[in-house]
1. How much length is gained if the chain between residue 337 and residue 354 is pulled fully straight, taking 0.36 nm per residue apart and subtracting their Cα-Cα distance, in nm to one decimal?
2. From Cα pairs below 8 angstrom and at least 6 apart in sequence, can you work out the relative contact order of the chain, rounded to a whole percent?
3. For the range 140-243, what value does the Rg/Rh ratio take when both radii are computed over Cα atoms and Rh is the Kirkwood radius, given to two decimals?
4. Quick one: net charge of residue 53's neighbours, Cβ under 12 Å, K/R +1, D/E -1?
5. What is the chain by shape, rounded, prolate or oblate, if you read a ≥ b ≥ c off the alpha carbon gyration tensor as root eigenvalues and call it rounded for a/c under 1.5, prolate for a/b larger than b/c, and oblate otherwise?
6. Ranking request for peptides 119-125, 276-282: highest mean number of other beta-carbon atoms within 10 Å first, then the rest in descending order.
7. In whole Hz and in residue order, list the ³J(HN,Hα) couplings for the range 227-243 that follow from phi through the Karplus curve 6.51 cos²θ - 1.76 cosθ + 1.60, θ = phi - 60°; x for Gly and Pro.
8. Sort all Cα-Cα distances of the range 58-215 into consecutive 5 angstrom bins from zero, then give the percent of pairs in each bin up to the one containing the longest distance.
Amino acid sequence: MLVYNSQTHKKEELEPIEPGKIRMYVCGPTVYDQIHIGNARTFLAFDVIRRYLMYKGYQVTFAQNLTDVDDKIINRANETGRTAAEVAEECSAAFIEQMHRFGVLDPDIRPRATHEIEAMQEMISLLIERGVAYPVPSGDVYFSVRADHNYGILSGRSLDQMRAGERVEVNDEKRDPFDFALWKAAKPGEPSWPSPWGDGRPGWHTECCAMIHRYLGCPIDIHGGGADLIFPHHENETAQAMCAWDSVLANTWMHTGMLRVDGEKMSKSLGNFYTLKEVLDKYPADAVRLLMLQTHYRAPLDFSFERLEGVAGTLERLQTCARNLRWAAERSPQDGELNDADRALGTQIDTAREEFCRQMDDDFNTAGGLAAIFSLVTAANTYLADAADDTSTAVCLRAADMLTELADVMGIGLSRSAGDDDLPAGLVDLAREQAGYEGTSAAEAAEVLLAARQQARAEKNWGVADAIRDGIGALGLVVEDTAAGARLHRKE
Ligand code: AMP
Ligand code: ZN
């Protein structure tokens with residue numbers, strides 16, 4: 001399995017540190033607001049990477065922090081008259097809620113910066129002892145980039161190049177403009193913790209590094225985040241690990257491309273800034289996932305509502321195909337000998353899985369993986385249309401299960417039933433009114449209504465047929481006529 005390593009700029013064979021196990025860490029959000037769809041792109045990409053590693057049989061341990069102490073949180077607290085802890089708590093809960101709506105799996109470990117102060121202070125003390133960090137009179141502690149001969153190893157830039165190319169803040173207390181704060185002295189009214197260097201709070205880069213060391217051990221297999229984190233955040237993380245524990249922080253560094261909206265950088269001032277919540281309030285999570293996974297995780301992602309509208313139809317095609325297969329399986333008679341068409345679809349099922357893995361093994365090419373899923377959709381649709389009611393139960397079920405299995409790796413949920421279990425209860429009343437049905441099962445009522453509609457049509461009794469269709473429509477369902485008969489599905 002090949003994975004692109006941002007540090008070496010090459011695709012490399014994934015070689016887990018412990019056979020069969022992967023330890024991975026993805027930098028979590030700074031919790032001062034709802035996350036935006038750019039953040040969501042990154043979290044989704046790593047969700048699918050993790051799911052695929054699990055699908056391949058790896059035992060994955062996934063850690064993600066919550067940055068719950070930061071200038072942005074403090075500013076937001078001051079603006080809104082709350083404490084920083086209140087802002088962080090509320091936004092952490094909102095983040096977790098939106099991740100659940102988006103279908104992103106919970107991390108195995110979710111440390112919060114404010115609960116890890118001790119581990120960070122231990123690391124800072126060690127760095128001071130080893131001569132690569134220094135406290136200054138104001139109470140800050142800085143990491144000395146000049147003391148670290150490897151500094152720049154991740155981003156591939158030397159300090160000289162950086163100095164020539166970048167504007168950096170001037171600070172008299174720093175020995176080098178690229179030195180970064182490991183510990184920040186407390187300002188009045190800010191959250192702070194006691195420390196050997198005075199009251200203060202940890203720097204952002206310190207947080208992830210100390211948590212990785214504490215919860216996963218160094219090095220880990222995979223460290224991820226958006227490409228904007230390579231410098232300085234990840235550069236600084238790896239520098240600290242190297243200097244504190246003589247270990248690289250991660251064997252493989254993975255970075256996602258930035259999400260753009262309508263071809264432009266997303267920003268509040270351009271008016272093209274969207275939170276994940278507002279998008280999920282309007283569109284199904286699986287459609288948003290599908291759109292994002294159509295682009296390789298390293299490439300910039302072009303988001304637009306126009307594309308999202310288009311993708312809703314693509315998602316529906318996948319869902320309908322799986323439903324049709326299960327429906328055909330439930331209604332077809334017991335299998336006899338498999339015919340040529342059955343065998344051909346059987347082959348397509350195996351090919352789709354092989355091709356899916358081939359694509360995903362190539363640095364998690366989700367676009368290629370989706371193409372493999374959709375080639376099975378096309379083959380299955382052709383099979384269903386040609387076979388009419390002479391389908392093989394076993395082959396239909398196997399095709400539906402394969403679609404469900406592969407979609408699940410993408411985090412896209414396909415129902416494992418033909419859909420009868422989530423029919424609205426209103427069908428029972430409608431069947432009573434229109435066809436004298438006396439039972440209480442929505443699934444039975446659906447059958448009764450479709451049979452009654454069929455009969456009315458056969459008798460050219462259009463008024464009754466239309467009344468049944470309209471009644472069904474009012475319940476949020478549509479009647480679909482297929483070669484193998486009529487049935488119901490949900491309006492999208
Ligand atoms: P932050 O809360 O700003 O640290 O961001 C959380 C995660 O989202 C980080 O991994 C960022 O790299 C990532 N991120 C931020 N903006 C974007 C964007 N426009 N596209 C993709 N990922 C992003
Ligand atoms: Zn981090």
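No lab work stands behind these numbers, since they all come straight from the coordinates. Owing to the predicted nature of the structure, the values given are computational and were not obtained by experimental measurement. Cβ: placed from backbone, ideal geometry, glycine included. Neighbour counts: every protein chain shown.
1. 3.5 nm
2. 14
3. 0.97
4. Spelling it out: positives minus negatives among the neighbours equals +2.
5. Verdict is prolate for the chain.
6. Values: 119-125: 20.7, 276-282: 16.3.
Packing order, densest peptide first, comes out as 119-125, 276-282.
7. These are the phi-based 3J(HN,Hα) values: 4, 5, 8, 4, 10, x, 4, 6, 4, 6, 4, 5, 4, 5, 4, 4, 7 Hz.
8. Going out from 0 Å in 5 Å bins, the range 58-215 shows 1, 8, 15, 17, 18, 16, 13, 9, 3, 0 percent.
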